[in-house]
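K.L.:
What follows is a single structure, and I will ask about it in a moment.
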Amino acid sequence: MNSPRIEVRLDLVEENARALVQRLAIRGITVTGVTKATLGSPEIAGAFLRGGVAALGESRIENVERLRNAGQSAPITMIRSPLISQANRVVASCETSLVTELDTIAALSAAATNQGLVHGITLMVELGDLREGILPTDLAPIAKVALSLPGLKIVGVGTNLACQSGVIPNADNMAELSTIADELERALDIRLDTVSGGNSANLGWALGIGEPGRINNLRLGESILLGRDPLTREPIAGLHLDAFTICAEVIESKVKPSVPWGATGQTAFGVPVSQLDRGITARVLVALGRQDTDPAGLTVEAGFALLGASSDHIVLDAGTDGPSIGSDVCFHPNYSALLGAMTSPFVGKLFQGADS
Ligand SMILES: *Cc1c(COP(=O)(O)O)cnc(C)c1O
């Protein structure tokens, strides 16, 4: 078996998707399943869709094209503002884009017109997190120009919180988005199909007791994949936390002192962490490193403590009894480690549980 590898339980991903789709359906909210942390994996997209997501969301055109080449025909939304240089590819492979800039909107219009298509756009509104978004006062003028351009349909408005500044989606900013949708419809005499309230960080609000208002869509990645609320990283009740496991091979297992000797300077990745003297312990080197994943985002299986990591090695304390070399040690990834492993060419992808 490939080492290192990430083992993916597609049945657990599907069950997580279904649980969130069902809970949100009661609130009148559909789910766009975001595949960007998985390099646009066709297998993961399939599990999302079996779980009932209404559409897929991707941030990279290469990943969208991977999905299309694998035969995926579900609607796909480009969730990062399309690059003008990629407008033709975006229009050819995605039904909808989240947009904030008039030049981008004009490029999508030209590309769609050339290809004889109508491309959907969702205007993203800035509600305080200060990543992407049109300031609310600029929305109607931009929407008015977009409305006049051929090859486009304004399908909705949306916002994205909790990514850049950690601004929490709540009753206030979600009510503001609802009002913005109502006002834009009135100002332009149009109907918006979609009001996309945000990402996994919106779940606390969306599954709470407050009124959803006009919000009828969320774009979910991390919560489906890892079963956690990104605002707190606490488990979401009833969801699987273990759909992904990273395993790698032990290449050294020796009993050594726990404290280094000799004068010390910086390491390859900065200032070394000082080591407690735990006496003589079993020290294990695993063939997994920063080229494969984000070691800081790994939780190691029981019986080991993570001591450090470099480009190609993770160092573990195995207590009194080290595993034999050639055996596997496994880890659970957080979002950053998942993204690293899924996008690293060194990490094999092993999909399991697809026929459940
Ligand atoms: C990444 C992203 C999402 C999904 O975020 P999760 O926290 O993984 O649910 C949704 N919308 C946008 C614009 C994104 O960039």
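Here's the yes/no breakdown for (1) touching a Cys at 6+ places or on another chain (Cβ under 8 Å); (2) assigned to a strand (DSSP E or B); (3) of a type outside the set (Phe, Trp, Tyr); (4) surrounded by fewer than 17 Cβ atoms within 10 Å (Cβ to Cβ):
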{"site": "211", "(1), (2), (3), (4)": "no, no, yes, yes"}
{"site": "214", "(1), (2), (3), (4)": "no, no, yes, no"}
{"site": "223", "(1), (2), (3), (4)": "no, no, yes, no"}
{"site": "241", "(1), (2), (3), (4)": "no, no, yes, yes"}
{"site": "245", "(1), (2), (3), (4)": "yes, yes, yes, no"}
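K.L.:
Considering only residues that are within 12 Å of the ligand (Cβ to nearest atom) and hydrophobic (A, V, I, L, M, F, W, C), look in segment 20-43 and name the one that is nearest to residue 195 (Cα to Cα).
P.N.:
Ranking the candidates gives 31 first.
K.L.:
Now for a separate question. Has segment 123-145 got any residue that is within 27 Å of the chain's Cα centre (by Cα) and of a type in the set (S, T, N, Q)?
P.N.:
Looking through segment 123-145, none of the residues is within 27 Å of the chain's Cα centre (by Cα) and of a type in the set (S, T, N, Q).
K.L.:
Here is a check on your reading of the model: is residue 232 of a type in the set (S, T, N, Q), within 16 Å of the ligand (Cβ to nearest atom) and within 23 Å of the chain's Cα centre (by Cα)?
P.N.:
yes
K.L.:
Then there's this: Which one is farthest from residue 250 (Cα to Cα), of the residues in segment 1-56 that are basic (Lys, Arg) and over 16 Å from the mean Cα position of the chain (by Cα)?
P.N.:
27
K.L.:
Working carefully through the options 296, 341, 309, 354, find the one that is out of contact with any Ser or Thr (no Cβ under 7 Å at 6 or more places or on another chain) and under 25 Å from residue 234 (Cβ atoms).
P.N.:
296
K.L.:
Go through (1) of a type outside the set (Val, Ile, Thr); (2) within 16 Å of the ligand (Cβ to nearest atom); (3) under 28 Å from residue 26 (Cβ atoms) for residue 192 and report which single condition fails.
P.N.:
(2)
K.L.:
Between 176, 183, 132, which is more than 18 Å from residue 33 (Cα to Cα), in contact (Cβ under 8 Å) with a residue 40 or more places away in the chain and within 16 Å of the ligand (Cβ to nearest atom)?
P.N.:
Residue meeting the stated conditions: 132.
K.L.:
So residue 146 clears everything in (1) part of a helix (DSSP H, G or I); (2) closer than 21 Å to residue 24 by Cα; (3) touching a residue at least 12 places away in the same chain (Cβ under 8 Å) except one condition, right? Which one?
P.N.:
Going through (1) part of a helix (DSSP H, G or I); (2) closer than 21 Å to residue 24 by Cα; (3) touching a residue at least 12 places away in the same chain (Cβ under 8 Å) one by one, residue 146 breaks only (2).
The numbers here are math on the coordinates, done by the rules we state, and not lab data. For clarity, every value in this text was computed on a predicted model and none was experimentally measured. Glycine gets a Cβ as well: all are built from the backbone with ideal geometry, and neighbour counts include every protein chain shown.
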